[in-house]
């Protein structure tokens, strides 16, 4: 092999330096999972308890029975019947009183009475109509007017008085019996009407609702919120009678009210009288269906 002319004679190339090994990167150390330690000493650390087993679903028959029981409790049919006092029929006394007070205020005249001015209506027809209403309510709520003939007679008298007052002939008729004149001021109408309304509302809406008849399929219970508690009767072979033949008390003043008579059977035969039931027609129809149907056959219905 020919030598390189550029290399001088006797030249020895320097030896190559020894190669250094590359530094090795340390491998990341993985954490060693620690195993739970068990001790027999009380209170020492122990392994977590195994998970609770999943609840076993109930059998289809048991589930259906539970659903029916829950539905029966939530949709238990019930009918409540409230027996009102005769004061319920006194609503015309305060209603007509407020009407006469309004007419006296709008059409009345101020008259000097002592040291103050009082509102009086110039016509005595208002006072006559108001006292006629009061007397008629007292008569109807204490005397039963049964039969068509008696009702027609009283209705004719009422219509005659109203027409005479409307056409302003009532004072002329009263003048025939000693110039009778009836006047009431605004304060008298308001005082009587307001007092009567407060008593009527408290009795009808509060006192009369403290006791009631609770009817369910197969059972009727008389419930008292305060006092004697309750008493139940079986509805098997029970008879029900409705009385609504008093024209004025049941139809005109009662707005469709009536009286109920319930007769129980068996050893404890009793006659239960429930007077002055409002909207008696609708409630009697529901009552008849409930006492004629077994508890497990009656659909959901609640009437109060």
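The values are calculated or read from the model by the stated rules, or taken from the named source; none is laboratory data. It should be emphasised that the depicted structure is a prediction, and the values quoted were computed from it without experimental measurement. All Cβ positions, glycine included, derive from the backbone under ideal geometry; neighbour counts span all protein chains shown.
Listed values, structure above:
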item	result
Yes/no for residue 190 being over 30 Å from residue 117 (Cα atoms) and at pLDDT 75 or above	no
Only one of 233, 189, 212 that is touching a residue at least 12 places away in the same chain (Cβ under 8 Å) and either in a loop (DSSP other than H, G, I, E, B) or closer than 30 Å to residue 127 by Cβ (or both)	189
Meets criteria (touching a helix residue (DSSP H, G or I) at 6+ places or on another chain (Cβ under 9 Å), without any contact (Cβ under 8 Å) to a residue 40 or more places away in the chain and farther than 29 Å from residue 275 by Cβ) for residue 126	no
Residue count, segment 122-162 (criterion: assigned to a helix (DSSP H, G or I) and at pLDDT 75 or above)	26
Filter pass, residue 253 being in contact with a helix residue (DSSP H, G or I) (Cβ under 6 Å, 6 or more places away or on another chain) and without any contact (Cβ under 8 Å) to a residue 60 or more places away in the chain	no
Residue 260 vs. criteria in the same structural domain as residue 93 (by TED's automatic domain parsing), crowded, with 18+ Cβ neighbours inside 10 Å and touching a strand residue (DSSP E or B) at 6+ places or on another chain (Cβ under 9 Å)	no
Failed item in (1) within 14 Å of residue 274 (Cβ to Cβ); (2) in contact (Cβ under 8 Å) with a residue 40 or more places away in the chain, with residue 244 passing the rest	(2)
Positions within segment 236-260 being part of a strand (DSSP E or B), closer than 23 Å to residue 87 by Cβ and over 26 Å from the mean Cα position of the chain (by Cα), in sequence order	243, 246
